[in-house]
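A.B. asks: This is the structure I want to talk about, given as structure tokens.
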Amino acid sequence: MEKDVAILLEDEQVIRDGFNQLFSDLEIDMDIISCIKPEEYEDAISKKDIRDRLKVLIMDLSNTLSEATSQKYKATEYIKKEYDENRIPIFIHSGNLEHYKELEDQGTVFKIEKSKTSIQSICEDIKLMKESDFFNVFCNNGSLDQKVMTELHKAFINQFKNFEIKEIINSIKDSTGENHDKFKERSKEIFERIAIKSLYANWMSAKFTVEDESIVERKLNSIEHYYRRTSSFDFWTGDVFIDLTTQEMCVVVTPRCNVGHNNFDELLLCKVFRINDEVKSEFLNIKKGVDALKKYVTDDKKVGERHRFLPPTPQFTGGMVDYKTVYSIDVNSFKIKYSYFITLSDELTNDVVRKLGSYLMRGGISETDFNESLFYIKSSAD
């Protein structure tokens, strides 16, 4: 079986040698193709055999004397093209990063300043990604492509019986009238959404069936409870924002029906307090560790009725939603004062909102004298 490929564009011999040597020393099971000039890179990337196996790029920005003078780099074109058309990690390894401001904070683009340790760091990252099989998850024709299409087909066809598809299409045609373009666009939109929703519901189910028909429980990594939202809404229920002045966090709990229809002039919010040192020490305690974390997540006495624990992840410090701190702020002031940070998953958002509702709906009654109540029970037993 042919190996995955890493392409290196680098005009300095000593750096090329460093990468080749470390690929060997670290036993990275990939072929590394070293290119000195842009023309060599273009020749390598044009070969179908190489493109089909390409899993990572390592790019120096400046690779000719003219580029060093003009500060206009061919490598930026190659980076943009692969970023747009391919789904692979790109390591930009350069001493000229101050001249390249594109693709900031993009998860698969790594900007690394050249240093004594930079080659080692990049190679160790590549080895980790290779060992985890990350390269074959998100790349073109990778496992995600294959699994999505298989599961999408299965989820989609199971949504319909008999002539239901025909009836759906007829309902769309009836509502769009003679507007043929609108009819086609609306039909595509509805069926695409049905497919994605059914796939998502099946994929995110807590339990699923494997090939031998046994039922397996699916456990989530904490990072799956959060995502960085890319929809066009300025705010969404479950968004976490940070106060630009105080760095305090809050979560949006305005009902989704209001947010979705822009039917609000103030946002309803709850403060999110960061995890304190006492809680951290419980998580790090050898004896408590996992059990302590589980108790915070499952809402026992550690969290109580007025809090919802948000577990920490690499992109989010986590914290404690405090329902006693419910407040509102007008939208314009909020936009100036706060910055978007991350969004809770639908599942976690629903749990946060449900617990807020139960906290607010607590009724309570006057205290009962249980000694007196016990008398009635004893009397009824006689």
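The values are calculated or read from the model by the stated rules, or taken from the named source; none is laboratory data. Everything numeric in this text was worked out from a predicted model, so none of it was measured. For neighbour counting, all protein chains shown are included, and Cβ atoms are generated from backbone atoms with ideal geometry for every residue, glycine included.
A.B. asks: Which residue is surrounded by the most Cβ atoms within 10 Å (Cβ to Cβ), if the candidates are limited to region 225-245 and must be over 17 Å from the mean Cα position of the chain (by Cα) and part of a loop (DSSP other than H, G, I, E, B)?
C.D. replies: Out of the qualifying residues, it is 235.
A.B. asks: Run down 73, 83 and say which single residue is surrounded by 12 or more Cβ atoms within 10 Å (Cβ to Cβ), of a type in the set (Phe, Trp, Tyr) and under 27 Å from residue 229 (Cα atoms).
C.D. replies: Matching residue, one of 73, 83: 83.
A.B. asks: Quick check on my filter: what residues within region 102-129 are more than 23 Å from the chain's Cα centre (by Cα) and of a type outside the set (Val, Ile, Thr)?
C.D. replies: Residues satisfying the conditions are 113, 114, 115, 116, 118, 120, 121, 123, 124.
A.B. asks: For residue 26, indicate whether it is under 21 Å from residue 135 (Cβ atoms) and surrounded by fewer than 19 Cβ atoms within 10 Å (Cβ to Cβ).
C.D. replies: Taking the combined requirement at face value, the residue satisfies it.
A.B. asks: Would you kindly identify the helices (runs of 4 or more DSSP H) lying entirely within region 99-200 that contain at least 2 residues that are under 30 Å from residue 15 (Cα atoms)?
C.D. replies: Helices (runs of 4 or more DSSP H) meeting the threshold: 118-132, 135-138.
A.B. asks: Taking the conditions exactly as written (surrounded by 18 or more Cβ atoms within 10 Å (Cβ to Cβ) and among the charged types (D, E, K, R)), does residue 12 satisfy them or not?
C.D. replies: no
A.B. asks: Read through the list (1) buried (at least 19 other Cβ atoms within 10 Å of the Cβ); (2) acidic (Asp, Glu); (3) at pLDDT below 90, then give the number of the only condition that residue 2 fails.
C.D. replies: (1)
A.B. asks: Could I ask something else about it? Can residue 284 be described as in contact with a helix residue (DSSP H, G or I) (Cβ under 6 Å, 6 or more places away or on another chain) and either at pLDDT below 80 or small (Gly, Ala, Ser) (or both)?
C.D. replies: no
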